[in-house]
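Below is one structure, written out as structure tokens; the observations come after it.
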Amino acid sequence: MALDSRSLSPAQRYALVLVDLSVGFTDPTKSPLASECPAVIEANRRLLEAFRRRGWPVIFTTVAYDAPSQARVFREKIPALNVLAAGSELVRIDPRLAPRDGEPVLVKYWASAFFGTDLALRLHDAGVDGVMVTGLTTSGCVRATALDALQHEFRVLLPEQAVGDRDAQAHQANLRDLQIKYADVRDLEDCLALLG
């Protein structure tokens, strides 16, 4: 039997949460975690422009480790994460999407942008009731962040062209599952239209 899944009402005020759009995930010549994703970068650039024009919050995340004890089980499972050393070029946000002054870059150790960070508090303090979650990768950190956003009572919107994954099948399967259970997956143009 099919699950009764409905579209969420639009939020009154969104924040843009750009998940792990760091060099370690966007430049495959420098990192085993990365994939070629110029279309994802371009979609995020357009969203950034729209959010900045509207004056709505923009928050970036990156994964960076400076101690062996941080997320040790996660890193045992995926040893490639060890290349994400704090202070290295790989943990910097891709220069094509460089944060502006006042746009925080939250350092996280695990998949979700909420786990072990003050993201929920920042969003509540900014008076938002919805988040547009973008970035890399759809089946990992984007999914975990979208799920936790819902669990913090935010209306979750995923601009389809602004998320990506090294695995095309995992990307499609997770977008489908997120749409059914946790978020609204929408075309980029529809998301931009909500920003005026």
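The values are calculated or read from the model by the stated rules, or taken from the named source; none is laboratory data. Values in this document were obtained by computation on a predicted structure and should not be read as measured data. Heads up, the Cβs are rebuilt from the backbone with ideal geometry, glycines too, and the neighbour counts pull from every protein chain shown.
Quick rundown of the values:
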read-out	value
Among residues of the range 88-100, those that are part of a loop (DSSP other than H, G, I, E, B) and either more than 19 Å from Ala67 (Cα to Cα) or among the β-branched types (Val, Ile, Thr) (or both), counted	4
Selection from the range 168-185 of residues that are among the charged types (D, E, K, R) and either within 23 Å of Phe60 (Cα to Cα) or surrounded by 20 or more Cβ atoms within 10 Å (Cβ to Cβ) (or both)	Asp184
Long-range neighbours under 9 Å by Cβ, at least six apart or interchain, first residue more than 20 Å from Leu195 (Cβ to Cβ) within the range 121-143, second assigned to a strand (DSSP E or B) and hydroxyl-bearing (Ser, Thr, Tyr)	Leu136/Ser22; Cys141/Thr61
3 or more residues in contact with a Leu (Cβ under 6 Å, 6 or more places away or on another chain) and more than 18 Å from Val107 (Cα to Cα): qualifying helices (runs of 4 or more DSSP H) within the range 3-82	38-54
Pair list, Cβ < 9 Å and 6+ apart or interchain, from the range 23-48 residues that are under 14 Å from Thr62 (Cβ atoms) to residues that are crowded, with 23+ Cβ neighbours inside 10 Å and of a type in the set (Phe, Trp, Tyr)	Ser31/Phe25; Leu33/Phe25; Ala34/Phe25
Selection within the range 142-168 - in contact with a Gly (Cβ under 7 Å, 6 or more places away or on another chain) and within 20 Å of Ile93 (Cα to Cα)	Val142, Val163
3 or more residues closer than 20 Å to Ala64 by Cβ and among the aliphatic types (A, V, I, L, M): qualifying strands (runs of 3 or more DSSP E) within the range 101-196	105-108
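Yes/no per residue for (1) touching a strand residue (DSSP E or B) at 6+ places or on another chain (Cβ under 7 Å); (2) modelled with pLDDT of 95 or more; (3) among the polar types (S, T, N, Q); (4) surrounded by 17 or more Cβ atoms within 10 Å (Cβ to Cβ):
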{"position": "Ala64", "(1), (2), (3), (4)": "yes, yes, no, yes"}
{"position": "Gln70", "(1), (2), (3), (4)": "no, yes, yes, yes"}
{"position": "Ile78", "(1), (2), (3), (4)": "no, yes, no, no"}
{"position": "Pro95", "(1), (2), (3), (4)": "no, yes, no, no"}
{"position": "Val133", "(1), (2), (3), (4)": "yes, yes, no, yes"}
{"position": "Ser139", "(1), (2), (3), (4)": "no, yes, yes, yes"}
{"position": "Asp148", "(1), (2), (3), (4)": "no, yes, no, yes"}
{"position": "Val156", "(1), (2), (3), (4)": "yes, yes, no, yes"}
